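Report on the structure given below.
The values are calculated or read from the model by the stated rules, or taken from the named source; none is laboratory data. As the structure is a prediction and not an experimental result, all values here were calculated from the model. Virtual Cβ from ideal backbone geometry, glycine too; neighbours counted across all protein chains shown. For the accessible areas, the whole protein counts, side chains as well, though only heavy atoms, and no ligand, DNA or RNA atoms are used. Shrake-Rupley method; radii C 1.70, N 1.55, O 1.52, S 1.80 Å.
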Amino acid sequence: MSTSRHVRSLIRSDISYEGDLGSVRGVDAGNFPLLRGMSMRRLVLAPGVVREPHWHANADELAYCVSGEVLVSLLDTGDVFGSFTIGAGEMFHVTTGSLHTIENVGDGEAELIIVFSHEKPEEFSLHGAFGAMTDAVLGNTFTLPASDFSVLRRETGSPMLVRRVAPAVVPPSAALPDPHKFGVEAATPLIDHPYGTARVARSQFWPALRSLAMYAIDIPENGMREPHWHPGTAEMGYVHKGRARMSILDPDGSVDTYQLEPGDTYFIPKSYPHHIEVIADEDIHFLVFFDQAMPADIGYRASTTSVSTDVLAAVFGIAPESVPPLPVTPLDPLILERVNDVDPVRES
């Protein structure tokens, strides 16, 4: 288990709820102090369970379905109603303040990885919002006698997860395309090599996105994510499958190298150089989230293309003829084929 300040285990993080209905665990600035502008939750719903209608006061939400089938119902700004189903490998996006409900409508557990555009997201529930108002106010709102609302529990908190008392109602239209929904794993890969693929959910292909994006990256044993950095963009990743090693350079010159395993999440501040490599036989599958709707990156290969050989020689204190024959790279490859053995893996 990594002890790096850049890494936390999401599957062993703080519990908001855990019981027969499922579980809610998460990392935010409270238990992961490095976080800025991003946080993450893992939501597991048992069959027939509902994540209560709620909204986030200060954060957009971007969710990836790891397994199961859920029905998402929402009321967006501008009185836009939506209802759609999400399965494994699909995503949905909800803007700040939009009311949304997540229901497990499948036969097994549903698991979602959810990222927010704030390091400490604030949340309101429909249950709590009703609890804040008197029976008379609610009666006036719905043109009903105040006594009709006396049966409601007067609470301003949230149970988070509740069980339906009747089968889910899934409208036929829920399977249709919706601007809040995106099938990232079914998308054509932006990068597609025998040594790695990258599928992207960003505003270029999903216009609903405003402040978040996600890359689904698969890298086998013979591949490596090129050392790189993201200008003006932070990165928060989740390890779905496989074991990997990452190195990150901090501004004080220290290098943090750590190992990642399934269930881990990591955070890289804006513009910090880093890389990802496989350290086991199993392919890795990472969900890599960004705090920009259209993230960019600068890779090491392109960086040396932008600098003359003479300057590189001066920087590294060698003769120009001793500079390695670095390839001219006008477009970063993002994922590289590994041509050398993996450095020895030391326990972190």
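Some notes on this structure:
- Springs between Cα atoms under 10 Å define the GNM used for the chain, and in it the highest mean-square fluctuation of Pro172, Pro324, Pro189 occurs at Pro324.
- Mean projection area, nm², convex hull over Cα of the stretch 4-136: 9.1
- Size of electric dipole in the stretch 42-90: Cβ of Lys, Arg +1 and of Asp, Glu -1, about Cα centre, debye, nearest 20: 220
- When the solvent-accessible area of the chain is split by element, carbon and sulfur atoms take up 56 percent of it, the probe being 1.4 Å.
- In nm, spacing of pseudo-spin labels at Ser306 and Arg154 (7 Å Cα→C-beta vector): 6.2
- Using Cβ point charges alone (K and R +1, D and E -1), the dipole size of the chain about the Cα centre works out to roughly 560 debye.
- Sum of side-chain charges, Leu152 neighbourhood, beta-carbon under 15 Å (Lys, Arg +1; Asp, Glu -1): -2
- By the rule of a C-alpha distance below 20 Å, with chain neighbours fewer than 8 residues away ignored, the lysines paired with Lys120 are Lys270.
- Percent of Cα-Cα distances greater than 20 Å, calculated over the stretch 222-348: 51
- Here the Gaussian network model covers the chain, with springs between Cα atoms less than 10 Å apart; of Pro325, Pro145, Pro273, Pro325 fluctuates the most.
- In the stretch 1-77, the alpha-carbon atoms span a convex hull of 124 Å³ per residue.
- If you take the Cα centroid of the stretch 1-55 and the Cα centroid of the stretch 128-196, the two points sit 19 Å apart.
- Stretch gain in nm, segment Leu326-Arg164, where the contour uses 0.36 nm per residue and the Cα spacing is subtracted: 52.2 nm
- Counting charges near Ile11 (Lys, Arg +1; Asp, Glu -1) among other residues having Cβ under 9 Å from its Cβ returns a value of +2.
- Each principal axis of the Cα cloud of the chain was taken in turn, and the coordinate range along them, longest first, works out to 88, 40, 37 Å.
- GNM result for the chain, Cα springs below 10 Å: residue of Thr188, Thr156, Thr143 fluctuating most strongly: Thr143
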